[in-house]
1. Quick one: helix 34-46 against the long Cα principal axis of the chain, what's the angle to the nearest 10°, folded into 0 to 90?
2. Kindly provide the GluC sites (Glu not before Pro) of segment 19-128 that DSSP labels as loop, not H, G, I, E or B, and whose Cβ sees at most 14 other Cβ atoms within 10 Å.
3. Could you look at the chain and say what percent of its accessible area is carbon and sulfur, using a 1.4 Å probe and all protein chains?
4. Would you calculate a helix-derived [θ] at 222 nm for the chain, using -39,500 (n - 2.57) for each DSSP H run of n ≥ 4 and dividing by the full residue count, to the nearest 500?
5. Any idea what log10 I(q)/I(0) is at q = 0.12, 0.16, 0.26 Å⁻¹ for segment 39-110, Debye with uniform C-alpha scatterers and no solvent?
6. What do you get for trypsin sites (Lys or Arg not before Pro) in segment 29-81 restricted to DSSP loop and a cutoff of at most 16 other Cβ within 10 Å of the site's Cβ?
7. In nm, give the distance between the simple-model label positions of ALA42 and PHE25, each being 7 Å from the Cα along the Cα-to-Cβ direction.
8. In a Gaussian network model over the chain where Cα atoms closer than 10 Å are linked, find which of VAL72, VAL17, VAL34 has the largest mean-square fluctuation.
Amino acid sequence: RMYCNATKTGFEAFKRVVDSHNLRFKNQTRWMKVSEIGRYWAAKEMCQFRSVGSNAIEIDLPLHCNDFTIVVPTGPPTKQPMITREGKLTPIRSVDSKSKLAANTFTVDDGRMIACLNAPKGKTQLQW
């Protein structure tokens with residue numbers, strides 16, 4: 001229990017756990033609400049990918065998902081990565097580490113491009 005008969009001892013213990021976790025894993029952790037975790041994992045499980053040529057994939061999601069992360073084993077992109085949705089091109093910007101990934105950004109790590117997208121319901125294409 002978080003509040004233990006109004007004493008808040010459970011909540012204080014939880015805060016200590018969070019603080020300890022952040023000391024060691026802050027750059028590797030993205031805190032999310034339970035509803036966000038549920039949406040992310042549902043999207044991950046139901047997502048369909050289709051290769052479109054050698055430098056693009058189509059992502060088909062049955063529901064919208066913020067900060068949807070995709071790992072593409074391509075190495076560094078040869079041109080500016082772009083998202084195409086309903087004919088509209090949107091560039092995604094480069095960040096220098098995985099810990100800085102946010103919506104519509106990418107980084108290269110261990111020879112793989114890691115892209116983070118606010119992916120809408122339906123089909124979206126990632127080109128690089």
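The values are calculated or read from the model by the stated rules, or taken from the named source; none is laboratory data. Here the structure is a predicted model, which is why all the values come from computation and not from measurement. Quick reminder, even Gly has a Cβ in these numbers, built from the backbone with ideal geometry, and neighbours come from all protein chains shown. Note: areas computed on protein heavy atoms with side chains; ligands, DNA, RNA excluded. Shrake-Rupley method; radii C 1.70, N 1.55, O 1.52, S 1.80 Å.
1. 30
2. Details: sites: GLU36, GLU45, GLU58, GLU86; in loops: GLU86.
Counting only loop positions with at most 14 other Cβ atoms within 10 Å, the GluC sites (Glu not before Pro) in segment 19-128 are GLU86.
3. On the way: 4610 of 8660 Å².
Whole-percent figure for carbon plus sulfur exposure: 53.
4. Working: 2 runs with 30 residues, N = 128.
It comes out at -7500 deg cm²/dmol, rounded to the nearest 500.
5. Debye intensities relative to I(0), on a log10 scale: -0.34, -0.63, -1.56.
6. On the way: sites: ARG30, LYS33, ARG39, LYS44, ARG50, LYS79; in loops: ARG30, LYS33, LYS79.
Here the sparse-neighbourhood loop sites are ARG30, LYS33, LYS79.
7. Going from the ALA42 label point to the PHE25 one covers 2.5 nm.
8. Highest fluctuation of the listed residues: VAL17.
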